[in-house]
2 protein chains.
Amino acid sequence: MPIYKAPLRDMKFVMQELFESSQQSSLSGSENVSEQDMDMILAEAAKFCENILFPLNLSGDTEGCHWENKEVRTPKGFKEAYQEFVSSGWASLACEPEYGGQGLPETIALAVEEMVCSSNLSFGLYPGLTRGAYQLLLKHGTDELKQHYLPKMVEGVWSGTMCLTEPHCGTDLGLVRTKAVSQSDGSYKITGTKIFISSGEHDLTENIIHFVLARTPEGPSGIRGVSLFLVPKFLTDDNKEIKQRNTVYCDSIERKMGLKGSSTCVLSFEDATGWLVGSLYKGVANMFTMMNNERLAVGNQGLGIAEIAYQNALSYAKERLQGRALTGVKHPEKNADPIIVHPDVRKMLLTMKTYNEGNRMLGTWVALHIMRSQKAENAVEREEADEFVQLMTPVVKAFMTDCGTEVASLGVQVYGGHGYIHEYGMEQYMRDARIAQIYEGTNGVQALDLVGRKIPTATGRYLRRFFHPVYGYIQEKQGDAFLAEFVGPLQKAFERLQQATITLAQRGLSNPDEIGAAASDYLRLIALTAHAYLWTKACEVAYKKKTGQESAFYESKIATARFFMQKILPQTSSLFACIMSGSKPLMEMKEEAFGPF
Amino acid sequence: MPIYKAPLRDMKFVMQELFESSQQSSLSGSENVSEQDMDMILAEAAKFCENILFPLNLSGDTEGCHWENKEVRTPKGFKEAYQEFVSSGWASLACEPEYGGQGLPETIALAVEEMVCSSNLSFGLYPGLTRGAYQLLLKHGTDELKQHYLPKMVEGVWSGTMCLTEPHCGTDLGLVRTKAVSQSDGSYKITGTKIFISSGEHDLTENIIHFVLARTPEGPSGIRGVSLFLVPKFLTDDNKEIKQRNTVYCDSIERKMGLKGSSTCVLSFEDATGWLVGSLYKGVANMFTMMNNERLAVGNQGLGIAEIAYQNALSYAKERLQGRALTGVKHPEKNADPIIVHPDVRKMLLTMKTYNEGNRMLGTWVALHIMRSQKAENAVEREEADEFVQLMTPVVKAFMTDCGTEVASLGVQVYGGHGYIHEYGMEQYMRDARIAQIYEGTNGVQALDLVGRKIPTATGRYLRRFFHPVYGYIQEKQGDAFLAEFVGPLQKAFERLQQATITLAQRGLSNPDEIGAAASDYLRLIALTAHAYLWTKACEVAYKKKTGQESAFYESKIATARFFMQKILPQTSSLFACIMSGSKPLMEMKEEAFGPF
């Protein structure tokens, strides 16, 4: 019953009109890829997602994964879809040609991933984790490991996982107990239990390559003693042929709120053979290569779910006849008006629309900087871009996933009672979206990463990568008559952000709890300010084109931006007040005072 | 794995310290019920909920309801629990002694219902609907119908349903198509399909009494032609013995996001025998007796779920060791500190706590007025109390259920990854809570009822039932040194509410869309102002007692109120800004401009 059409027009707007597409091509070394080529790639990906992945979404949720004898069978159709996913090349878009990748811009991969997440998030997790594992090994692996593992992972016939969490430790990786004992041949024997491992076992690929945090017995305690190991499900020979089953097993899979087509595994490593990746004791730091990649990907998951929730809510709101418009009958030929005539329904739809389009701009903006950080010719430009990415990674992860759940919940609300019924699909989106606020670091951890770590670094240098362009843009557009209605609210939000930053910097020096108390509100404040900046830039583009052929599209952009400025951005005033009220209301509460009484 | 302990101490605070308990006893005609009696009743109810209902909650969710051959089997244990529920008298607490009820104060019934909702919301729906049906028949039924049906319903051996929704109509009841044809013996033959009927079929009671909206063929079209009928599952003889199966059948039950232990039925009426309740063509108006009762009950459901979510989140936050406090190690003897040391975790917990305790005060405040509206000696007092109830019904329904989902979601977040796993229980609370924002009128419909109907009535007379006590209290407490930190923010919020009211009244005259555009924000603004008022009063009580034996409890009240004033109430600033920005950002958007592009 639900529908999905990839938002190709808006993707084109963001990738080619808001940002310069030529820069994306040249940075990725694919100068020969024209805008038309990009359009064609995205259109093909859209077809695959709409016709192959999307029809398996509701059935995959209904059926779930099956665990038997330590093996996992994915829902009906997933295996065939995965084969086609791989053979069509969707797994390797932005991977290095050296390892069989297509070397296309990161922005294209991001757009395709969004489509995958919209059409079938459970499915998307299988190749999604592999992409993160690829990044990890590419950056930290020895040449030998890279030559052996990367080509098969890029091809998609082997998949990847990240094994961090243990029953007693999630956020705090210094508590990891899994052991790694070095062997005379340079390998390690890994023993321990990992939980919540997405795609830890499944039937989609010939091999599964686990990246595991573990502790060598002779190492220091805490986080400084944790190292990173590559542990394949099957050991392979020099020709990469399967040689022998490694001793890592899936003991069970979780019964979860959503993402039922994605296996979440308890893995037990029983003297399993593995190899060190990166330096000894640098496990957690190195894992963050994968983690940061995943955090951006998880933000994109929030957008993907939110997009399909919006599409369906919109379609329902135009079709569902119920009651009459407050200002008088709009469709006298019908028994009732469609519910889109009602202001409150419009408010829900516009909230969804503005978050989605804003987050698409935000995600692409960061993806552009990832490319610059890796490929720009100038070292300073690379470094500055990297700083921007580091700053915005927690913002993308937390804000875009908060929006994911909020938008999915609004989708349920627009559907009314039907939104709560499985077959209409909306309730699944809400259940699927919810995990994204938690995994790869809860959104509270993201906020603390932003305010406690990223912002203080080098006395605010990372933050200036965001502040400078925004401040410069506000200055540049002072007095622009068309943009005044956007620049004004942007400037106000930006000033609030500046003042909150200064206050926090001062208070945080004497009391770190001030940082922690403000973190979530601050993250949302910077995210909304980023949206305000991007919406203003979007309107600058739209104004120039709104009298042309596609005036409806550009007028929609301007109207959506107006809604954002007047109905969403005012959130910054209460966020600011909450930040300024400090940590005392939280910390003066004695532990016993929380209850129970 | 989850826990539940009824919040008896806080219930006592609200029922006996914040509000006068003697008034509750005398209004209900149970002057002989002392505070100690009340405590005992609630303590007994707590035992039943904690020990009988709560252990069936997770298993009921796992198993769900079973439909076969048009009959529904409830999850294992529900039938036995229901027998005990009925035999212990929990079904008839506030019902009229004339029909076998116990005539206890409505406030006691409210507290017991909250416990039922906390411990097993799915179960709670079966007796919950019966209570609404009881009210409906009590007010609108003929003596003959009342004598025949009410005693068995009060006893709980027969249950009730409300049958409004049809596949094409939910909110807009003028579209009802179910037909009622009058028979020579005064009965009617009812034919049609009803959907989303909670408790429409089950195995808990000997008979099920449906209250059905239907249209007589000779009546006018639209809402003015709809009447209300009583249609029992089994026809009974004069001795109330089952005589014959009536022709109303359950064609299927829905697969839903949550509430899986509660049957949501498609009912087909096939020339089923029924009797008119109330006057012909007054069906929708009369149904609102039940509907309003249910709306208040649904608000209480939001609180019930939120309470158990808080209790578990709190317990987890005290036990889960992960990381260290930002200000230095708090528990050096442990590997890590419990996560309750973190400001952001505290912020989540306090948000949960303050919403819950505030909503408990709000719900009880309204329940008190229900009693006054029915039983006060003075007719003016009855009328004014009724006006207050009418005003606050949509506020209780919408705000308390919005909080229900928000708090349940925060509970999931505090648990991190474990929150997403079925066996820990938190994800079920979120799924169960979500429907309450939709059924018995979506929260958008509640907001429109408040701002479009209740507030304009008699040029704001209903609204004055809220404004007058709040304004009077603010005046009375000017200059009170202890309360200044609460009265100040309350006054500011109240002024925003006043200004928003005046603005809306003016704008709404020329453009009804202004009402619709502001409705949801206005409802939240009045709800937060009500919370601010009640928290201030709670602190007034707490200040007087905080040096006594239970100082921890009263200090907790004051600290929670401070949190509310500084971290929650500032929401009113952005709500105010959104209200003032008017309907244009919503209505200027052409329908095509929503997409898809």
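The values are calculated or read from the model by the stated rules, or taken from the named source; none is laboratory data. Just so it is clear, the model here is predicted, and its values are computed rather than measured. A quick note on method: Cβ atoms are made from the backbone with ideal geometry, for glycine too, and the neighbour counts reach across all protein chains shown. Calculation scope for accessible area: heavy atoms of the full protein, side chains included, ligands and nucleic acids excluded. Shrake-Rupley method; radii C 1.70, N 1.55, O 1.52, S 1.80 Å.
From the residues in the range A:315-344 that are within 31 Å of the chain's Cα centre (by Cα) and open to solvent by 10 Å² or more (accessible area, probe 1.4 Å), which one is farthest from the other protein chains (Cβ to nearest Cβ)?
Out of the qualifying residues, it is A:Tyr316.
List pairs: first residue in the range A:295-315 and basic (Lys, Arg), second residue in a helix (DSSP H, G or I) anywhere in the structure, Cβ distance under 6 angstrom, at least six positions apart or on different chains.
These pairs meet every condition: A:Arg295/A:Thr393; A:Arg295/A:Lys397.
Kindly indicate whether any position in the range B:240-254 is touching a helix residue (DSSP H, G or I) at 6+ places or on another chain (Cβ under 8 Å), at negative phi and of a type in the set (A, V, I, L, M).
Scanning the range B:240-254, I find no residue that is touching a helix residue (DSSP H, G or I) at 6+ places or on another chain (Cβ under 8 Å), at negative phi and of a type in the set (A, V, I, L, M), so the answer is no.
In this structure, is A:Arg73 within 14 Å of chain B (Cβ to nearest Cβ) and modelled with pLDDT of 95 or more?
Values: within 14 Å of chain B (Cβ to nearest Cβ): no; modelled with pLDDT of 95 or more: yes.
No.
Being more than 22 Å from A:Ala313 (Cα to Cα) and of a type in the set (Gly, Ala, Ser) is the filter; apply it to the range A:91-121 and report the residue that is most open to solvent (accessible area, probe 1.4 Å).
If we take residues in the range A:91-121 being more than 22 Å from A:Ala313 (Cα to Cα) and of a type in the set (Gly, Ala, Ser), then A:Gly100 is most open to solvent (accessible area, probe 1.4 Å).
Please list, ordered by first then second residue, the pairs with beta carbon atoms under 8 Å, 6 or more apart or interchain, first in the range B:27-50 and among the small types (Gly, Ala, Ser), second buried (at least 19 other Cβ atoms within 10 Å of the Cβ) and assigned to a helix (DSSP H, G or I).
So the pair list comes out as B:Ser28/B:Glu106; B:Ser28/B:Met371; B:Ser34/B:Ser25; B:Ala45/B:Ala111; B:Ala45/B:Val112; B:Ala45/B:Met115; B:Ala46/B:Met115.
Please state which one of A:Ala325, A:Ala309 is over 30 Å from A:Val116 (Cα atoms) and either touching a helix residue (DSSP H, G or I) at 6+ places or on another chain (Cβ under 6 Å) or aliphatic (A, V, I, L, M) (or both).
Criteria check complete, one pass: A:Ala325.
Looking at A:Arg245, A:Arg255 in this structure, which one is free of Cβ contacts under 8 Å to residues at least 24 places away in the same chain and under 30 Å from B:His342 (Cβ atoms)? Give the derivation first.
Values: A:Arg245 fails: under 30 Å from B:His342 (Cβ atoms).
After ruling out the rest, the residue left standing is A:Arg255.
Does A:Pro469 satisfy the condition of being open to solvent by 30 Å² or more (accessible area, probe 1.4 Å), touching a Gly at 6+ places or on another chain (Cβ under 8 Å) and in the same structural domain as A:Ala518 (by TED's automatic domain parsing)?
On the way: open to solvent by 30 Å² or more (accessible area, probe 1.4 Å): yes; touching a Gly at 6+ places or on another chain (Cβ under 8 Å): no; in the same structural domain as A:Ala518 (by TED's automatic domain parsing): yes.
Considered against the rule, which asks whether it is open to solvent by 30 Å² or more (accessible area, probe 1.4 Å), touching a Gly at 6+ places or on another chain (Cβ under 8 Å) and in the same structural domain as A:Ala518 (by TED's automatic domain parsing), A:Pro469 comes out as no.
So is B:Leu509 more than 7 Å from chain A (Cβ to nearest Cβ) and of a type in the set (A, V, I, L, M, F, W, C) or not? So that I can check it myself, show each step before the final result.
Details: more than 7 Å from chain A (Cβ to nearest Cβ): yes; of a type in the set (A, V, I, L, M, F, W, C): yes.
Yes: the conditions hold for B:Leu509.
For every residue, the table says whether it meets (1) part of a helix (DSSP H, G or I); (2) within 16 Å of B:Gln446 (Cα to Cα); (3) open to solvent by less than 20 Å² (accessible area, probe 1.4 Å); (4) within 12 Å of another protein chain (Cβ to nearest Cβ).
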position: B:Phe482; (1), (2), (3), (4): no, no, no, no
position: B:Phe486; (1), (2), (3), (4): yes, no, yes, no
position: B:Pro489; (1), (2), (3), (4): yes, no, no, yes
position: B:Lys492; (1), (2), (3), (4): yes, no, no, yes
position: B:Leu504; (1), (2), (3), (4): yes, no, yes, no
position: B:Ala519; (1), (2), (3), (4): yes, yes, yes, yes
position: B:Ile526; (1), (2), (3), (4): yes, yes, yes, no
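From the residues in the range A:345-377 that are touching an Asp or Glu at 6+ places or on another chain (Cβ under 7 Å) and open to solvent by 20 Å² or more (accessible area, probe 1.4 Å), which one is nearest to the other protein chains (Cβ to nearest Cβ)?
Of all residues in the range A:345-377, those touching an Asp or Glu at 6+ places or on another chain (Cβ under 7 Å) come to A:356-357, A:360, A:367, A:370-373.
Subsequent filtering for residues that are open to solvent by 20 Å² or more (accessible area, probe 1.4 Å) retains A:357, A:370, A:372-373.
Working: A:Glu357: 10, A:Ile370: 27, A:Arg372: 29, A:Ser373: 29 Å.
So, considering only residues that are touching an Asp or Glu at 6+ places or on another chain (Cβ under 7 Å) and open to solvent by 20 Å² or more (accessible area, probe 1.4 Å), the one nearest to the other protein chains (Cβ to nearest Cβ) is A:Glu357.
Out of the residues in the range A:424-450 that are touching a strand residue (DSSP E or B) at 6+ places or on another chain (Cβ under 8 Å) and in a helix (DSSP H, G or I), which is farthest from A:Ala517 (Cα to Cα)?
Result: A:Glu427.
Does the range A:139-161 hold any residues that are outside any helix (DSSP H, G or I), more than 13 Å from A:Val277 (Cα to Cα) and open to solvent by less than 20 Å² (accessible area, probe 1.4 Å), and which are they? Talk me through it step by step, then tell me what you get.
Quick first cut of the range A:139-161, residues outside any helix (DSSP H, G or I) only: A:141-142, A:156-161.
Okay, now just the ones that are also more than 13 Å from A:Val277 (Cα to Cα), so A:156-161.
Listed by number, the residues that qualify are A:Gly156, A:Trp158, A:Ser159, A:Gly160, A:Thr161.
Looking at (1) of a type in the set (Ser, Thr, Tyr); (2) surrounded by fewer than 24 Cβ atoms within 10 Å (Cβ to Cβ); (3) more than 7 Å from chain A (Cβ to nearest Cβ); (4) on the phi < 0 side of the Ramachandran plot, which is the one condition that is false for B:Tyr439?
(3)
Restricting attention to the range A:508-516, does a residue exist that is assigned by TED's automatic domain parsing to the domain that holds A:Ala447, over 30 Å from the mean Cα position of the chain (by Cα) and within 21 Å of A:Arg346 (Cβ to Cβ)? Full working, then the answer.
Going through the range A:508-516, the residues assigned by TED's automatic domain parsing to the domain that holds A:Ala447 turn out to be A:508-516.
This time we only want the ones that are over 30 Å from the mean Cα position of the chain (by Cα), so: A:509-511.
From what is left, the residues that are within 21 Å of A:Arg346 (Cβ to Cβ) are none.
No, the range A:508-516 contains no residue that is assigned by TED's automatic domain parsing to the domain that holds A:Ala447, over 30 Å from the mean Cα position of the chain (by Cα) and within 21 Å of A:Arg346 (Cβ to Cβ).
Tell me yes or no: at least one residue of the range B:200-212 is in contact with a strand residue (DSSP E or B) (Cβ under 8 Å, 6 or more places away or on another chain), more than 23 Å from B:Lys146 (Cα to Cα) and open to solvent by 50 Å² or more (accessible area, probe 1.4 Å).
no
Within the range B:219-259, can you find the residues that are part of a loop (DSSP other than H, G, I, E, B) and within 26 Å of the chain's Cα centre (by Cα)? Break it down into steps so the answer makes sense when it comes.
Residues of the range B:219-259 that are part of a loop (DSSP other than H, G, I, E, B), as a first pass: B:219-221, B:233, B:237-241, B:246-247, B:254-255, B:257-259.
Once the filter is applied, which keeps residues that are part of a loop (DSSP other than H, G, I, E, B) and within 26 Å of the chain's Cα centre (by Cα), the range B:219-259 yields B:Glu254, B:Arg255, B:Met257, B:Gly258, B:Leu259.
Based on this model, can you work out whether B:Pro127 counts as more than 26 Å from B:Arg295 (Cβ to Cβ) and buried (at least 19 other Cβ atoms within 10 Å of the Cβ)?
Working: more than 26 Å from B:Arg295 (Cβ to Cβ): no; buried (at least 19 other Cβ atoms within 10 Å of the Cβ): yes.
Here the answer is no, as B:Pro127 does not meet what is asked.
Quick check on B:Ser520: is it at pLDDT 95 or above and within 28 Å of A:Ile579 (Cβ to Cβ)? Working first, answer last.
On the way: at pLDDT 95 or above: yes; within 28 Å of A:Ile579 (Cβ to Cβ): yes.
Judged against the criteria, B:Ser520 is a match.
Looking for whichever is open to solvent by 10 Å² or more (accessible area, probe 1.4 Å) and within 14 Å of chain B (Cβ to nearest Cβ) here; the options are A:Ser221, A:Ser262, A:Ser279. Which one fits?
Details: A:Ser262 fails: open to solvent by 10 Å² or more (accessible area, probe 1.4 Å); A:Ser279 fails: within 14 Å of chain B (Cβ to nearest Cβ).
Just a single option satisfies the conditions, and that option is A:Ser221.
Please enumerate the residues belonging to the range B:543-597 that are surrounded by fewer than 18 Cβ atoms within 10 Å (Cβ to Cβ), facing chain A (nearest Cβ under 7 Å), touching a Phe, Trp or Tyr at 6+ places or on another chain (Cβ under 8 Å) and part of a loop (DSSP other than H, G, I, E, B).
Across the range B:543-597, the qualifying residue is only B:Phe597.
When the range A:37-89 is examined, which residues are found to be part of a loop (DSSP other than H, G, I, E, B), of a type in the set (Gly, Ala, Ser) and within 19 Å of A:Thr130 (Cα to Cα)?
Start the filter on the range A:37-89 by keeping residues that are part of a loop (DSSP other than H, G, I, E, B), which leaves A:64-65, A:69-70, A:74-77, A:88-89.
After this cut, where a residue has to be of a type in the set (Gly, Ala, Ser) as well, the list is A:64, A:77, A:88-89.
Across the range A:37-89, the qualifying residues are A:Ser88, A:Gly89.
Hey, could you check the range A:446-468 for residues that are small (Gly, Ala, Ser) and within 12 Å of another protein chain (Cβ to nearest Cβ) and say which is nearest to A:Tyr533 (Cα to Cα)?
Applying the first criterion (small (Gly, Ala, Ser)) to the range A:446-468 yields A:447, A:452, A:458, A:460.
Next, only the ones that are within 12 Å of another protein chain (Cβ to nearest Cβ) stay: A:447, A:452.
Details: A:Ala447: 20, A:Gly452: 24 Å.
It comes out as A:Ala447.
Of the conditions (1) out of contact with any helix residue (DSSP H, G or I) (no Cβ under 7 Å at 6 or more places or on another chain); (2) closer than 20 Å to B:Tyr415 by Cα, A:Arg464 fails just one. Which one is it?
A:Arg464 satisfies all of (1) out of contact with any helix residue (DSSP H, G or I) (no Cβ under 7 Å at 6 or more places or on another chain); (2) closer than 20 Å to B:Tyr415 by Cα except (2).
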